[in-house]
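Asks: Below is the structure I would like to discuss, written out as structure tokens.
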Amino acid sequence: QVQLHESGGGSVQAGGSLRLSCVASGSIFGIGSMGWYHRAPGEQRELVAGITRGGVTSYADSVKGRFTISRDNTKNTVYLQMNSLKPEDTAVYYCNVDLVLDRFPYRDNLWGQGTQVTVSS
């Protein structure tokens, strides 16, 4: 069984930085795309950034130029470097991972438990 463990959330003032990490552990055959989502109070969960196994990245318009997603395939880990944080970035951030399985259904999708990021003005 595979689990995701997130870390790095916290409280910071506007303009500050945080780095989120998400480690996949357990019986892992392979990992495909990885990503970070957030859910602000009263809002739907939405994609912040994604990265393919080959390193192709994508970002929500609201975070382009401020956030950087990266991954270390040797450590089954995805990171989100968040710079120039704004109060509107305040949300619970969730890691999402596409797993490759060695048997049917050959793919699965996992969510982390979420980590709170609070940015004060």
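Asks: Please report the antiparallel percentage of DSSP beta bridges with both residues in the chain, rounded to the nearest 5. Before the final figure, lay out the partial values.
Replies: Numbers: 42 of 46 bridges.
Expressed as a percentage, antiparallel bridges in the chain total about 90.
Asks: Further question: Based on C-alpha coordinates, I'd like the Rg and Dmax of the chain, in Å.
Replies: Values for the chain (Cα only, Rg and Dmax): 14.3, 49 Å.
Asks: Let me ask something else about it. Run the numbers on the range 1-80 and let me know its relative contact order in percent, using alpha-carbon pairs under 8 Å that are six or more apart.
Replies: Numbers: 125 pairs, mean separation 21.4, N = 80.
Answer for the range 1-80 is 27 percent.
Asks: When the accessible area of the range 32-81 is split by element with a 1.4 Å probe, what percent falls to carbon and sulfur? Provide the component values of the computation, followed by the final result.
Replies: Values: 1250 of 2730 Å².
Carbon and sulfur together cover 46 percent of it.
Asks: In terms of modelled amide H atoms, which long-range or inter-chain residues lie less than 5 Å from the amide H of T90?
Replies: Those lying under 5 Å, H to H, from T90 are V119.
Asks: For the chain, report the accessible area per residue in Å² (1.4 Å probe, heavy atoms, rounded to an integer).
Replies: On the way: 6660 Å² over 121 residues.
Result: 55 Å² per residue.
The values are calculated or read from the model by the stated rules, or taken from the named source; none is laboratory data. Treat the numbers as computed from the prediction; the structure is a model and nothing was measured. Surface accessibility is based on the protein's heavy atoms, side chains included, excluding ligands, DNA and RNA. Shrake-Rupley method; radii C 1.70, N 1.55, O 1.52, S 1.80 Å.
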